[in-house]
Amino acid sequence: MAAVQRILRAAASGGAAAARRRMASLAQEQAPSAAAAPKGFPFAAKETMRRRPAEERNVQWVFLGCPGVGKGTYASRLSRLLGVPHIATGDLVRDELASTGPLAAQLAEIVNQGKLVSDEIIINLLSKRLKKGEDQGESGFILDGFPRTVKQAEILDGVTDIDMVVNLKLREDVLVEKCLGRRICSQCGKNFNVACIDVKGENGLPAIYMAPLLPPNNCMSKMTTRADDTEEVVRNRLRIYNDMSQPVEDFYKDQGKLLEFDLPGGIPESWPKLLHVLNLEDQEELKLAAA
């Protein structure tokens, strides 16, 4: 946690650009020497040789959190805010599902049953995305949905340096309602949410209000629901995630890189407070860029 606090103080005193440089340098201070990649993951061995010096790259963050918590929403905003690519493993899986590639049929069965995709498949998909970004001159990243296991975290440590891990948290009853309200426009591909969540505070839990994110009129008739957004599948996905997430959180906590953030509500309530804990709330031009 001390490393995270030093990062945040850098953001407050030197602006976002200075924070990015400091985050990168901290990765060099703390990164363990690159270990040999586990068998079956040849990409990790190749990427170890391509580590970029801290002064030559941007921030490298990980976003953790249950399915449906909003990792994609906040990670994408921060990626625009800090000028780094947002890489969501869920999107990588969905892109592969929509393709005619050899993994499409196997992935369809896994996803529709609410199971987690194997380490090997995720690493293969991520390897292709990172290689594509490298070829296009990208610097830094915010990873969303990876790593999900300690094994994946260890592989990632052997590939690159992680500066900070942001763990988003939200109570389960709200998560289920939020997931069941998700909709996607089949024409433009944008995500919306038709659920209006208004949960009263009780038993020591705070009240939470989340207004629906409704589509514009031209998208209204084109709304689709993800095949895996049924209550049974959502609850099974949350159970699996909770069983597996604690060791990953402990892995990064032991490295002093874990920052936990309890979402107080929807985007209007949560976004300013997230900027506050990251000491980025005074960066008006960045907030406008990410709005």
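The values are calculated or read from the model by the stated rules, or taken from the named source; none is laboratory data. Note that this is a predicted model, so its numbers are computed, not measured. Neighbour counts are summed over all protein chains in view; Cβ atoms, including those assigned to glycine, are modelled from backbone coordinates with ideal geometry. Heavy atoms of the whole protein, side chains included, go into the accessibility calculation; ligands, DNA and RNA do not. Shrake-Rupley method; radii C 1.70, N 1.55, O 1.52, S 1.80 Å.
Observations on the structure shown:
- For segment 229-248, residues that are modelled with pLDDT of 90 or more and touching a strand residue (DSSP E or B) at 6+ places or on another chain (Cβ under 6 Å) total 0.
- Subset of segment 212-223 that is open to solvent by 60 Å² or more (accessible area, probe 1.4 Å) and in contact with a strand residue (DSSP E or B) (Cβ under 7 Å, 6 or more places away or on another chain) - its residue that is modelled with the lowest pLDDT: Leu213
- Among the residues of segment 229-262, those identified as touching a residue at least 40 places away in the same chain (Cβ under 8 Å) and exposed (fewer than 12 other Cβ atoms within 10 Å of the Cβ) are Glu231, Glu232, Asn242.
- Residue match in segment 150-167 (condition: in a loop (DSSP other than H, G, I, E, B) and at pLDDT below 90): yes
- Test: Ser76 is open to solvent by less than 50 Å² (accessible area, probe 1.4 Å), over 22 Å from Lys257 (Cβ atoms) and of a type in the set (S, T, N, Q): no
- Positions within segment 90-123 being under 17 Å from the mean Cα position of the chain (by Cα), at pLDDT 85 or above and of a type outside the set (Asp, Glu), in sequence order: Leu92, Val93, Arg94, Ile122
- Residue count for segment 182-193 satisfying the condition of being under 20 Å from the mean Cα position of the chain (by Cα) and over 17 Å from Ser270 (Cα atoms): 7.
- Residue match in segment 194-211 (condition: under 21 Å from the mean Cα position of the chain (by Cα) and open to solvent by 60 Å² or more (accessible area, probe 1.4 Å)): no
- Considering residues of segment 99-137 that are surrounded by fewer than 15 Cβ atoms within 10 Å (Cβ to Cβ) and among the basic types (Lys, Arg) only, the residue farthest from Val62 (Cα to Cα): Lys115
So that you can scan it fast, the table gives a plain yes or no per residue for (1) within 30 Å of Val150 (Cβ to Cβ); (2) of a type in the set (Gly, Ala, Ser):
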site	(1), (2)
Gly189	no, yes
Ile197	no, no
Ala227	yes, yes
Gln246	yes, no
Phe251	yes, no
Leu258	yes, no
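- The numbered conditions (1) in contact with a Ser or Thr (Cβ under 7 Å, 6 or more places away or on another chain); (2) modelled with pLDDT of 90 or more are all true for Leu126 except (2).
- Helices (runs of 4 or more DSSP H) (entirely within segment 175-291) containing at least 1 residues that are over 30 Å from Ile110 (Cβ atoms) and of a type in the set (Lys, Arg): 267-277, 284-290
- Each residue in segment 70-94 was checked for being over 19 Å from Lys178 (Cα atoms) and in a loop (DSSP other than H, G, I, E, B), and 3 of them qualify.
- The numbered conditions (1) assigned to a loop (DSSP other than H, G, I, E, B); (2) open to solvent by 10 Å² or more (accessible area, probe 1.4 Å); (3) among the hydrophobic types (A, V, I, L, M, F, W, C) are all true for Phe146 except (2).
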